[in-house]
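Trainee: Take this structure, written in structure tokens, and hold onto it; I'll ask about it next.
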């Protein structure tokens, strides 16, 4: 076996292979930075290109894209409060305030370092512990999923901000928005009001674009005209200063925690990077020494979000490769690419194709420093965006939002939804309602409802199943502990 | 904002009641019949009803707490009205832009939209406005096509390319100059109009 | 003044080059003059998506224009079908459909389109026969024992389907009707999650296609048993698996990947597409891709294709009616 590993590594360390990974990473960063182009779509579009490459080149190319996209999404999130990929919504919460303070460059660098570290962690986990992790993942039945998702929902308790009722209302509204569309278990149409576009539910990407980006545009537009049409006062900072090593070290534990969370959640098929990101973010806030800074521009917040979502990149390959069950959307497409290359994901993958797999693993690991280098070089360019005067930047952002909303599902109706979400987000934010609970509830609740009903159907109406299954019980207890702790710690603030 | 919180909690309360009794029953359509013995929890309207119910309760709590909370109202500057009207105008403009994408297409609508927004946001220097309004949408279009094969909306009519360009240029220039002229007439004399040194910098 | 002239020249040059933007609208051209869009009514990474991308990967040489895949999942295919219905019928917008959207869904609820008359049938690429699978660790082996166990414990054994009134659910209903067994139906969002739950042992039986990731491998290794396949004759990939007909359930169901076009698409353009596709399915790379995915080409076109669908539509109508499922 050792000689297979060596042979694989030798196969990987060719200029051509590394070049392909680098191109993939670059393509990924670009795609991730465009709101509306999710990593899933981008990978899907690029897969046919990989058909014509041999497996040792095509797969690392796609894996590079996968990595790059998760980092790339944080760039517009930090610069213009627009999540380039859905999990970057958590990065918006702290990244954008940092950019407004003139620290865009250091925020992007924090995102870069956290993403690289998170991805490296999960890649190592993949290589070392794929099989036991995957076996664990398979043990997740509907009841266990429900438990996990309930725990995810408790994250909301830490991001409500100062007014708990407003946070709860925000979450409830998110729940209702998530209910629009088809109920998977009964097939009933809910809240579609006869509109075709709503039949599939309100899309995640148009909703995020509207709530974050367009609402921010509307808020910015209130400014006095001369502020908008002249060069910004922070322009001389050229986007900010580089990240200090100390700041990175301070967030070290957060990065590690988020990487672990991202790896575990990502390894469970069907969860997705957004859930992992918010759980990581919430956990970081609870564990932080300065929780009140979260949401106002905390480097720890950026680190927590980015490490978690990039950790998913390596982790969702775990069930994909070892069991042939895709961990998420992008992984599903990657699996298709694997199959098209003649590599059959599943238990026999390593027996039949050991050398190729080791080559792929090597390139997967090499991809991380490559991303680091590319990101580092590009950071100055990205950060310079904040030096552009807003009278020009805002129309460009609006255009990006419109196109992004359109590309998502080739449907202009989604763009209209985004605009409506924009006005909604604007009103929400002016009234000081927090956005994070809405987003979390919107993402998690439909899945939770589905799992809940499935679990009940399987158990034949027996509610105790949530407490008798060990995994489900574990998560529900964890959720209860988190809730009790957060109520206990919450300083009593009423009204605003 | 005490007033705002009161209003919004009343609105939410009203909406919850309305939803519970009207929207949910009418908007949840089970086209596939539900078997008789299904427990209530599994019905499609269970979670929405529960949610709306809790929403009503929390709205009441918010209402009570915002009535009791005494704080000074934030005083808004005198240009509050113009700020809000800008927000509304930009929003309506964006919506019209989306509609025009459907019927007129990307190539024609986008430069005009961009130009209008830039000018509305205070930038009068046509040397910056027109190139940006043309170059940026154009670059985006090329980028999306050559990398991802995404075709941006084309609109309903088929005019040959040359005519589109001519029409587009004429419309764009006339819009731009007309708006600049209007803005110049409206605004109070202020020094930021004349800024020659900013000409060199483009996006 | 020369600064002004310079800027004007630049602006003019840029706008002249916007010819690119308008190019797609120019007239008098040979079909196809712009890329051909194929809408996919299902999600990314599914076998449907992959099949379409396999075609798209080699399509340029046969069509003269690139083929672009556009995913529009949701609402059981309704969103995508509606989009196709509204699209221009100039032959540049197509859709890769599957059975349930055309022959099952419309019987069960109002989809908002008439499957046989709102669309033109262009070309069927592959057929994948639906199978019913279970973990080999179950106490019963094979269909007969499975049904016996189900009858002894009504509503205890579960089947996970890809969605309400999707292909899997229909198969289950027919099985229950023909055998009298009562099996619990657990709907999932798509075939993937159901398959996963099945492998994890959370549900007893589940659906699968021959190409579903790893099925063949698991079957050969004895991890998974296949209770039956919904085809007329036994299939080559799984020679030991009996057909559902042999099992006593008269049910034939295949996932047929068929390209359809909006109604009114000119016949000469349809003929052009058919001609191109006929040559495409012989392409070596395409055949290699299909083989790796475990699918086999089964081209069908023209009146025979439409007749096939009309027959299937009627057959499923009868089956659904016999089970008692009616449009509300």
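Trainee: Is it the case that residue A:102 is on the phi > 0 side of the Ramachandran plot and touching a residue at least 40 places away in the same chain (Cβ under 8 Å)?
Mentor: So residue A:102 fits the description; yes.
Trainee: Output the number of the condition that residue A:462 fails; it satisfies all remaining conditions of (1) over 29 Å from residue A:165 (Cβ atoms); (2) within 8 Å of another protein chain (Cβ to nearest Cβ); (3) part of a loop (DSSP other than H, G, I, E, B).
Mentor: (2)
Trainee: Hey, another quick one. Given the criteria surrounded by 24 or more Cβ atoms within 10 Å (Cβ to Cβ), farther than 15 Å from residue A:122 by Cα and in contact (Cβ under 8 Å) with a residue 24 or more places away in the chain, does residue A:345 qualify?
Mentor: Taking the combined requirement at face value, the residue satisfies it.
Trainee: Continuing with the same structure: Please list, ordered by residue number, the strands (runs of 3 or more DSSP E) wholly in segment C:109-194 having 3 or more residues that are buried (at least 22 other Cβ atoms within 10 Å of the Cβ) and either touching a strand residue (DSSP E or B) at 6+ places or on another chain (Cβ under 9 Å) or assigned by TED's automatic domain parsing to the domain that holds residue C:80 (or both).
Mentor: Because the criterion is at least 3 residues that are buried (at least 22 other Cβ atoms within 10 Å of the Cβ) and either touching a strand residue (DSSP E or B) at 6+ places or on another chain (Cβ under 9 Å) or assigned by TED's automatic domain parsing to the domain that holds residue C:80 (or both), the strands (runs of 3 or more DSSP E) in segment C:109-194 that meet it are C:119-129, C:131-135, C:158-161.
Trainee: A further question follows. Only one of B:112, B:104, B:116 is within 21 Å of residue A:403 (Cα to Cα), surrounded by 21 or more Cβ atoms within 10 Å (Cβ to Cβ) and at pLDDT 75 or above; which?
Mentor: Only one candidate passes the filter, namely B:116.
Trainee: Here's a follow-up. Only one of A:346, A:297, A:367 is more than 14 Å from every other protein chain (Cβ to nearest Cβ), farther than 23 Å from residue A:471 by Cα, in a loop (DSSP other than H, G, I, E, B) and over 17 Å from the mean Cα position of the chain (by Cα). Can you tell me which?
Mentor: Being more than 14 Å from every other protein chain (Cβ to nearest Cβ), farther than 23 Å from residue A:471 by Cα, in a loop (DSSP other than H, G, I, E, B) and over 17 Å from the mean Cα position of the chain (by Cα) holds for just one of A:346, A:297, A:367, which is A:297.
Trainee: Ok, one more. From the list B:16, B:31, which one is within 8 Å of chain A (Cβ to nearest Cβ), under 18 Å from residue A:193 (Cα atoms) and either modelled with pLDDT of 75 or more or more than 33 Å from the chain's Cα centre (by Cα) (or both)?
Mentor: None of the other options fit; the residue is B:31.
Trainee: So is residue B:86 more than 30 Å from residue A:456 (Cα to Cα), modelled with pLDDT under 80 and facing another protein chain (nearest Cβ under 9 Å) or not?
Mentor: No.
Trainee: Just one of C:39, C:68, C:79 is within 12 Å of the chain's Cα centre (by Cα) and either in a strand (DSSP E or B) or at the interface with another protein chain (Cβ under 7 Å from one of its Cβ atoms) (or both); which is it?
Mentor: That would be C:39, the only listed residue that is within 12 Å of the chain's Cα centre (by Cα) and either in a strand (DSSP E or B) or at the interface with another protein chain (Cβ under 7 Å from one of its Cβ atoms) (or both).
Trainee: Next question, about the same structure. Among the residues in segment A:244-252, are any without any contact (Cβ under 8 Å) to a residue 12 or more places away in the chain, away from chain B (no Cβ under 14 Å) and touching a helix residue (DSSP H, G or I) at 6+ places or on another chain (Cβ under 9 Å)?
Mentor: Taking every residue of segment A:244-252 in turn, at least one turns out to be without any contact (Cβ under 8 Å) to a residue 12 or more places away in the chain, away from chain B (no Cβ under 14 Å) and touching a helix residue (DSSP H, G or I) at 6+ places or on another chain (Cβ under 9 Å).
Trainee: Among the residues of segment C:104-119, write down those that are at pLDDT 85 or above and either touching a helix residue (DSSP H, G or I) at 6+ places or on another chain (Cβ under 6 Å) or within 25 Å of residue C:230 (Cα to Cα) (or both).
Mentor: Matches in segment C:104-119: C:118 only.
Trainee: While we're looking at this one, here's another question. Of the residues that sit in segment A:204-221 and are within 20 Å of the chain's Cα centre (by Cα) and within 11 Å of chain B (Cβ to nearest Cβ), which one is surrounded by the most Cβ atoms within 10 Å (Cβ to Cβ)?
Mentor: Going through the qualifying residues, I end up with A:214.
Residue-wise test of (1) more than 7 Å from chain B (Cβ to nearest Cβ); (2) within 24 Å of residue A:37 (Cβ to Cβ); (3) in a helix (DSSP H, G or I).
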| residue | (1), (2), (3) |
| --- | --- |
| A:391 | no, no, yes |
| A:403 | no, yes, yes |
| A:408 | yes, yes, yes |
| A:414 | yes, yes, yes |
| A:424 | yes, yes, yes |
| A:437 | yes, no, yes |
| A:443 | yes, yes, yes |
| A:451 | yes, no, yes |
| A:454 | yes, no, yes |
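Trainee: Something else now. Could you run through segment C:96-128 and say how many residues are away from every other protein chain (no Cβ under 12 Å) and within 21 Å of residue B:102 (Cβ to Cβ)?
Mentor: Count: 0.
Trainee: Could you look through segment A:300-327, keep only residues that are on the phi < 0 side of the Ramachandran plot and outside any helix (DSSP H, G or I), and pick out the one that is modelled with the lowest pLDDT?
Mentor: A:327
Trainee: Are any residues in segment A:376-389 more than 14 Å from every other protein chain (Cβ to nearest Cβ) and surrounded by fewer than 24 Cβ atoms within 10 Å (Cβ to Cβ), and if so, which ones?
Mentor: A:376, A:377, A:378, A:379, A:380, A:382
Trainee: Within segment A:163-173, identify whether any single residue is within 27 Å of residue C:192 (Cα to Cα), surrounded by 23 or more Cβ atoms within 10 Å (Cβ to Cβ) and at pLDDT 80 or above, and answer yes or no.
Mentor: No, because not a single residue in segment A:163-173 is within 27 Å of residue C:192 (Cα to Cα), surrounded by 23 or more Cβ atoms within 10 Å (Cβ to Cβ) and at pLDDT 80 or above.
The values are calculated or read from the model by the stated rules, or taken from the named source; none is laboratory data. Given the structure is predicted, the values throughout are model-derived calculations rather than measurements. Positions of Cβ are generated from backbone atoms using ideal geometry, with glycine treated the same way; all protein chains shown enter the neighbour counts.
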